[in-house]
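The next block holds one structure in the form of structure tokens; read it before the comments.
Here, each number is a calculation from the coordinates, and none is a lab measurement. Everything numeric here is computed off the predicted structure, so don't read it as measured data. Methodologically, a virtual Cβ is constructed for each residue, glycine included, from the backbone with ideal geometry; neighbour enumeration extends over all protein chains shown.
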């Protein structure tokens, strides 16, 4: 197994820059998520790590070796494709054994290894079946089998659950994570599904327009977003943004919105201009006599909680509150924000203002 | 699929469709049946008017096709009674067999040149199509159009330059020359057809093979080729039909060693009067290889035609 380091990785297709100067490190044995909307460069990054695309510039280190210019066949990695890419003219056994055959492994040994992998993945009864008749979940297991059979240095997965039905997804996500924990293999996983990323990942890189927006643990990325994009992309519903013009001084613990004082984590820099006050829906509370008020325009009942949409002087806002709190459309309520969890952003650049909350998180460069 | 499903045709529609197909089959098959029948007629039956539908079949045409004959005196014929059934047929006309005709040779030339050109077209076409399909090639669209444009005029339009070129290069009346020529003509069709087929094969298959430790060539051989088999078969049929049936260049560029069957068959007419049964026999036998080849690959051909039209 191996550590993977990406340094200033860049990829251009003609005049289009798919990835611009990514830098991050994936620790040995980590389940690492590359997250972002479609077209953000996450798949291109993964394909460069795999050797299916050559980087325009930059370095890729796998297990202490620079492999940026090496062909895929020499990198000792395994790749799981979104559409599985099982060889359609071969049965399950031959599909799984294919990477071993290329190494020239003796037949008896190949058989043994394939049987072992089939046992791990519960594929024993399917080994002699053609792959064309398999269900989505079984195809995915065969694709995983082909990946793990060789004990590669790392697993690269390109939205491996994307082609599965919703019911299978959940199950395969659990199986994948369990398999990873059992094998302890470094895994790089591309997804556009933030829930999947939060659920399964040890670390997440959030990308947008070819740029790494943030790199960190799911908790850090959720609680301490480095940019407006991350704050909006992660979380469902996303973080609320109250836009205002104002001033924040170094050390300040509150800001003024519509002549109301709202709490923030102590600022670590001074900023003047257009700001965004970002607060997660679960950190919004209803209080009867609060000075900052909003009018309820819609409610969504979710069982234990409900999502209440309100209209405030600074724009729409969603609150996640207990389901038993009565919320009627048309009602005006006072709002209280948990100041310690708030992020402030520079509205123009989208950058988070440094504070006690996110200090140390934003220094990724 | 379900979105495009249509209602089951009614009985009347089925009858109508059946009748239409039958009528079309009759029109296309009748000349073929006539040729096959003529091959088994005697010389007089072949030119009888009104045409004879019912006739006494004879292999005279086939014997004439495969043999060279000379007239002999009745005394000689009486002294040398025929030893075999085919000698007997010739004997009855007052002739003896002097040796085999040129037909077998010409037929073999057709086989060598037709299959050779088909093989070469498919190999080169597959490689070129793969490159066009998978690599970023500068001016790709222009190159593809250029390749296609070689089909835009009738090949015979360049007959004179090719004739001169072949003469200077010593390629006239050689197997290699004809194979090269037919390959050149077929190649544009092969590249375009095969590019379509290879475009339909997801790249992920090869990429999976590359990651599984295979070189690009191995991935091509072991993963792409089996997937493209259908398209290759369909392309091979089209290429073979063209090179097999080609007449104009064959007349122009071959006369002896490398002469193919199409220019040879008409010359049979001249041997011993208008021997239509022999011509028909030659044409019938000439039909066989391309028919067998097509029937063998017909499953692929059908799949090939609809390939890519339906996506799961």
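When only alpha-carbon atoms count, how far does segment B:151-219 stretch along each of its three principal axes, as whole angstroms with the largest first?
52, 25, 14
According to the square roots a ≥ b ≥ c of the eigenvalues of the Cα gyration tensor, what is the shape class of segment A:108-168, taking rounded for a/c under 1.5, prolate for a/b larger than b/c otherwise, and oblate for the remainder? Write down the numbers at each step before the final one.
On the way: a/c = 2.44, a/b = 1.26, b/c = 1.93.
Here segment A:108-168 falls in the oblate category.
Helix A:166-183 versus the longest principal axis of chain A: what is the Cα-based angle in degrees, 0 to 90, to the nearest 10?
Around 70 degrees separate the two axes.
Is the shape of segment A:68-113 rounded, prolate or oblate, going by the alpha carbon gyration tensor and its root eigenvalues a ≥ b ≥ c, with a/c under 1.5 for rounded and a/b larger than b/c for prolate? Walk me through the numbers before you get to the answer.
Numbers: a/c = 2.59, a/b = 1.22, b/c = 2.13.
Cα axes put segment A:68-113 in the oblate bin.
For chain B, what is the calculated [θ] at 222 nm in deg cm²/dmol (nearest 500), taking -39500 (n - 2.57) for each run of four or more DSSP H residues and dividing by its residue count?
Details: 16 runs with 206 residues, N = 312.
About -21000 deg cm²/dmol.
State log₁₀ I(q)/I(0) for chain B at q = 0.16 Å⁻¹ as given by the Debye formula over alpha-carbon point scatterers of equal weight, solvent excluded.
Reported log10 I(q)/I(0), two decimals: -1.30.
Percent relative contact order of segment B:43-101, based on C-alpha pairs within less than 8 angstrom and at least six residues apart?
39 percent
Order A:158-168, A:84-94, B:232-242 from most to least packed using the mean count of other Cβ atoms within 10 Å. Display every interim value, and only then the final one.
On the way: A:158-168: 17.6, A:84-94: 20.5, B:232-242: 22.1.
Going by the mean number of other Cβ atoms within 10 Å, highest first, we get B:232-242, A:84-94, A:158-168.
Within the P(r) computed for the protein assembly as shown, what percentage of the Cα pairs occupies the region above 31 Å? Please list the in-between numbers first.
Values: 159271 of 228826 pairs.
Pairs farther apart than 31 Å: 70 percent.
Could you put A:169, A:325 in order, starting from the residue whose Cβ has the fewest other Cβ atoms within 10 Å?
Working: A:169 19, A:325 13.
Ranking A:169, A:325 by Cβ neighbours within 10 Å, fewest first, gives A:325, A:169.
Determine the shape class of segment A:33-103: with a ≥ b ≥ c the square roots of the Cα gyration tensor eigenvalues, call it rounded for a/c under 1.5, and otherwise prolate if a/b is greater than b/c, oblate otherwise. Present the calculation step by step, with values, prior to reporting the outcome.
Values: a/c = 2.71, a/b = 1.40, b/c = 1.93.
Verdict is oblate for segment A:33-103.
Of all beta bridges DSSP finds with both residues in the protein assembly as shown, what is the antiparallel percent, to the nearest 5?
Numbers: 67 of 85 bridges.
Here the antiparallel bridges make up roughly 80 percent for the protein assembly as shown.
Let me confirm one metric for peptide B:198-208, namely the mean number of other chain beta-carbon atoms within 10 Å of its residues' beta-carbons.
Other-chain Cβ atoms within 10 Å of each residue's Cβ, averaged: 5.
Relative to the longest principal axis of the C-alpha atoms of chain B, give the angle of the C-alpha long axis of helix B:225-245, reported between 0 and 90° and rounded to the nearest 10°.
Tilt of helix B:225-245: around 30 degrees.
How many angstrom lie between the Cα centre of segment B:116-150 and the Cα centre of segment A:210-273?
Computed from Cα coordinates, the inter-centre distance equals 56 Å.
May I ask you to derive the relative contact order of chain B, considering only C-alpha pairs under 8 Å and at least 6 residues apart, and to give it as an integer percent? All intermediate terms of the calculation are to be shown ahead of the outcome.
Values: 331 pairs, mean separation 81.0, N = 312.
Over chain B, the number comes to 26 percent.
I'd like the distance between the alpha-carbon centres of segment A:302-365 and segment B:184-230, rounded to an integer number of Å.
Rounded to whole Å, the Cα centres lie 53 Å apart.
Using alpha carbons only, how many degrees (0 to 90, rounded to 10) separate the axis of helix A:107-121 from the longest principal axis of chain A?
30 degrees
Considering every residue in A:68-78, what mean count of other chain Cβ atoms within 10 Å of its Cβ is obtained? Display every interim value, and only then the final one.
Details: counts 0, 0, 0, 5, 10, 10, 2, 3, 2, 1, 3.
Average per residue, whole number: 3.
List the relative contact order of chain A as a percent without decimals, with contacts defined as Cα pairs under 8 Å and 6+ residues apart.
Contact order relative to length: 16 percent.
Rounded to whole Å, give me the distance from the Cα center of segment B:73-90 to that of segment A:1-39.
90 Å
Rounded to the nearest 500 deg cm²/dmol, what is the calculated helix-only ellipticity per residue at 222 nm for chain A, with -39500 (n - 2.57) per DSSP H run of length n ≥ 4? Walk me through the intermediate numbers first.
Details: 8 runs with 85 residues, N = 365.
So the calculated ellipticity at 222 nm is -7000 deg cm²/dmol.
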